[in-house]
Amino acid sequence: MKTILISLKIFLFFTILTGIIYPLFVTGIAQVIFPVKANGSLIEFENRITGSKFIGQQFDSAEYFTSRPSAVSYNPLPSGGSNYGLTNVRLKYLAAERRIHFIAFNQLDSLTDVPSEMLFASASGLDPHISQKAALLQVDRVAKAHKFDADQKQYLIQSVKNLTEKPQLIFLGEERVNILILNLELYKMDQDLPNFNKADTL
């Protein structure tokens, strides 16, 4: 009986320590040191949460830049990739199909070199970034859908370049563009069209 009581006390102690005190302690530190990241790096736009900086979203409209393909339809709960190997016939078929769709959707030349991230889904299925090249290949289609003139189109190109993120710590990863942030910038530009002035925006 004495051994059981000791065991119960130890169990209760560690339950409180690791199940209550430690999580509250770590959460408190996170909220003080980096609250934005601790809360999911959420993006607030026009007084509402539009998404997270690190979770990709699906954009199918011709009026917006499209995201990288997702094997889980951008669902954050069962995040993951297709797990197809490089020699898998299904993977080759999907890549070829996505290439055809990207070229047709953006009205590009059939010989256009489509960036690999637009052909293959990421390992998480939630990658929010694409390369600057992939974004620039979509500019003509987006500008046409919004009926932008030459100045507005040039501003859109400059927006893509301005929003291009550098590699982490200079050498980790590649330059990339966050599609949600870029589309929000596009939305703001679209809303300001009646007051659009080249001198003010470029």
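The values are calculated or read from the model by the stated rules, or taken from the named source; none is laboratory data. From a predicted model like this one, the values you see are computed outputs, not experimental measurements. Virtual Cβ from ideal backbone geometry, glycine too; neighbours counted across all protein chains shown. We work out accessible area using only protein heavy atoms, side chains counted, and drop any ligands, DNA or RNA first. Shrake-Rupley method; radii C 1.70, N 1.55, O 1.52, S 1.80 Å.
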Scanning segment 128-157 residue by residue, those over 20 Å from Ser61 (Cβ atoms) and acidic (Asp, Glu) turn out to be Asp149, Asp151
Checked Thr87, Thr66 against criteria (at negative phi and open to solvent by 90 Å² or more (accessible area, probe 1.4 Å)); the one match is Thr87
